[in-house]
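Student: Have a look at this one before I ask anything.
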Amino acid sequence: MAYGVINPVAVAATNIDSYNRSCISAGALENGSVVDLLTKSSTEGEAELWVATVPATANLKGVWMAYDPELVWTSYYRGLDPDVRNYTIAVGRAFSAFKLIEGDLVLMSADAFTAAKSSNGFANATNGQSQMVWGATQSTDTISMRYMATEYFSIGTGAMDTQRFTAYLMEVLPINYA
Amino acid sequence: MAYGVIQPVAVAATNVDSYNRSCISASIVENGWLVDLLTKSTTEGEAELWTATVPATANLKGCWMVYDPEIVMTGYYRGLDPDVRNYRIPAAQTFSAFKLVEGDLILMSADCFEGAIGVNNHANATDGTLIPTWGASQSDDAISLKKIATEYMSIGTGAMDTQRFTAYLMEVMPMEYA
């Protein structure tokens, strides 16, 4: 199975240090996953890490997006597999996340979403879901992204006849309050 | 009495120039207090200064936080007293303030707050007071800070047996609208 791949095309976190955090999660995540960062880790040696949790209704307005370098593990080795789609963030491993800010543009592979794109034009942070969920409209009181264009990623396997795969250019919308 | 001491751990104002302003107030303020910056000063020679006022109900969403270098005045002299807790900003003295942005992390001494922390986990901008006020929950339509952890600051008096004092790591919350 292919995992989510993202490319932050233009995000505020590129320039603003405070919009970037190091995190750790009790569940497996992928790039493009959205998480709540509500508490810091209390585990020894993890004082600088935030505990990433699955977004809950009360905290959908402030979700962060997981984005870690795609260095794939092959058993004990890293870097043998150049296909970024095989990268997933393992449980208990530190990773980076950035804050989604209104106006951010993020190119996200189809795998980075839950549900089918079909004719949906929005993706919303949703209670109990660790990925953005496709929807026909923008949800209220939540981080929501609008579909801008269908583009692609070129994959770097180095093999002949390698192709490209679909990705969607998404823009973070101003929050719609209920 | 000790005055408020803060350390901006990760704030957007570090990277964004427009989130920083020079201000002047008709009353005494301390580091960590909240002010409204609604008008610029009309006093001759103060064209670049904003007039800091006590936050009012209509403007609790856009409060700025006072943060000035802690160089204590001793009589006519500055720099003799190294204890940052003795620093506050006299009335009509220029000081700096930065804009509080969702996700900002600020370490704030217990003296920065109004009321006792008790079991409270939130500090809210409140009508009629410059001081962030402890509360059991996040207030609507106001800048609100959530306590993430109880930490400390080391004081630099240079004396033997100097201790550390309690400080709270606070995060600026996404705005809740009524």
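The values are calculated or read from the model by the stated rules, or taken from the named source; none is laboratory data. As the structure is a computational prediction, the values presented were derived from the model and not from experiment. Here Cβ is always computed from backbone atoms with ideal geometry, including for glycine, and neighbour counts include all displayed protein chains.
Student: Checking A:ASP17 against (1) under 30 Å from B:LYS99 (Cβ atoms); (2) charged (D, E, K, R); (3) in contact (Cβ under 8 Å) with a residue 24 or more places away in the chain; (4) in contact with a strand residue (DSSP E or B) (Cβ under 9 Å, 6 or more places away or on another chain), which single condition isn't satisfied?
Tutor: Checking A:ASP17 against (1) under 30 Å from B:LYS99 (Cβ atoms); (2) charged (D, E, K, R); (3) in contact (Cβ under 8 Å) with a residue 24 or more places away in the chain; (4) in contact with a strand residue (DSSP E or B) (Cβ under 9 Å, 6 or more places away or on another chain), the one that fails is (3).
Student: Test of understanding: among B:THR133, B:THR150, B:THR129, which residue is closer than 16 Å to B:PHE165 by Cβ and β-branched (Val, Ile, Thr)?
Tutor: On the way: B:THR133 fails: closer than 16 Å to B:PHE165 by Cβ; B:THR129 fails: closer than 16 Å to B:PHE165 by Cβ.
Just one listed residue meets the conditions, B:THR150.
Student: I need the strands (runs of 3 or more DSSP E) fully contained in the range B:103-178, keeping only those with at least 1 residues that are more than 12 Å from chain A (Cβ to nearest Cβ), within 29 Å of B:THR51 (Cβ to Cβ) and among the aliphatic types (A, V, I, L, M).
Tutor: Values: elements: B:105-109, B:122-124, B:133-135, B:144-154, B:164-172.
Filter on the range B:103-178 gives B:105-109, B:122-124, B:144-154, B:164-172.
Student: Residue under question is B:ARG85, and the condition is that it be surrounded by 13 or more Cβ atoms within 10 Å (Cβ to Cβ), modelled with pLDDT under 95, out of contact with any Asp or Glu (no Cβ under 6 Å at 6 or more places or on another chain) and not in a loop (DSSP other than H, G, I, E, B); does it hold?
Tutor: yes
Student: A:ALA115 passes all but one of (1) hydrophobic (A, V, I, L, M, F, W, C); (2) at negative phi; (3) in contact with a strand residue (DSSP E or B) (Cβ under 7 Å, 6 or more places away or on another chain); which number fails?
Tutor: The single condition A:ALA115 does not satisfy is (2).
Here is a yes/no grid of residues against (1) loosely packed, with under 14 Cβ neighbours inside 10 Å; (2) of a type in the set (Phe, Trp, Tyr); (3) modelled with pLDDT of 95 or more; (4) under 24 Å from B:MET175 (Cβ atoms):
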{"site": "B:ALA92", "(1), (2), (3), (4)": "yes, no, no, no"}
{"site": "B:LYS99", "(1), (2), (3), (4)": "no, no, yes, yes"}
{"site": "B:LEU105", "(1), (2), (3), (4)": "no, no, yes, yes"}
{"site": "B:ALA116", "(1), (2), (3), (4)": "yes, no, no, no"}
{"site": "B:HIS122", "(1), (2), (3), (4)": "no, no, yes, yes"}
{"site": "B:ASP127", "(1), (2), (3), (4)": "no, no, yes, yes"}
{"site": "B:TRP134", "(1), (2), (3), (4)": "no, yes, yes, yes"}
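Student: Are any of the residues in the range A:119-136 of a type outside the set (Phe, Trp, Tyr), modelled with pLDDT under 95 and in a strand (DSSP E or B)?
Tutor: Start the filter on the range A:119-136 by keeping residues that are of a type outside the set (Phe, Trp, Tyr), which leaves A:119-121, A:123-133, A:135-136.
Restricting the remaining residues to those that are modelled with pLDDT under 95 gives none.
No - not one qualifying residue is present in the range A:119-136.
Student: Return the total of residues in the range A:57-72 being out of contact with any Asp or Glu (no Cβ under 8 Å at 6 or more places or on another chain) and of a type outside the set (Ser, Thr, Tyr).
Tutor: Total meeting the criteria: 6.
Student: Please list, ordered by first then second residue, the pairs with beta carbon atoms under 8 Å, 6 or more apart or interchain, first in the range A:151-178 and closer than 27 Å to A:LYS99 by Cβ, second at pLDDT 90 or above and surrounded by fewer than 10 Cβ atoms within 10 Å (Cβ to Cβ).
Tutor: Pairs found: none.
Residue by residue, here is whether (1) within 14 Å of chain A (Cβ to nearest Cβ); (2) in a strand (DSSP E or B); (3) closer than 15 Å to B:ILE106 by Cα holds:
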residue	(1), (2), (3)
B:TYR3	no, no, no
B:GLN7	yes, yes, yes
B:ARG21	no, yes, no
B:SER27	no, no, no
B:GLY32	no, no, yes
B:GLU44	no, no, no
B:GLU48	no, no, no
B:THR51	no, yes, no
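Student: What's the total number of residues in the range B:151-178 that are over 23 Å from B:TRP64 (Cα atoms) and either buried (at least 17 other Cβ atoms within 10 Å of the Cβ) or at pLDDT 95 or above (or both)?
Tutor: 1
Student: On to the next question. Only one of A:ARG85, A:ARG146, A:ARG78, A:ARG164 is under 23 Å from A:ASN20 (Cβ atoms) and either of a type in the set (S, T, N, Q) or out of contact with any Cys (no Cβ under 7 Å at 6 or more places or on another chain) (or both). Can you tell me which?
Tutor: Every option except A:ARG78 fails the conditions.
Student: Another question, if that's okay. For the range A:56-111, give me each residue that is of a type in the set (S, T, N, Q), in contact with a Leu (Cβ under 9 Å, 6 or more places away or on another chain) and closer than 21 Å to A:PHE153 by Cα. Even if it seems obvious, please write down each step before you answer.
Tutor: Residues of the range A:56-111 that are of a type in the set (S, T, N, Q), as a first pass: A:57, A:59, A:74-75, A:86, A:88, A:96, A:109.
Of the ones still in play, those that are also in contact with a Leu (Cβ under 9 Å, 6 or more places away or on another chain) are A:59, A:74, A:88.
Listed by number, the list holds a single entry, A:THR88.
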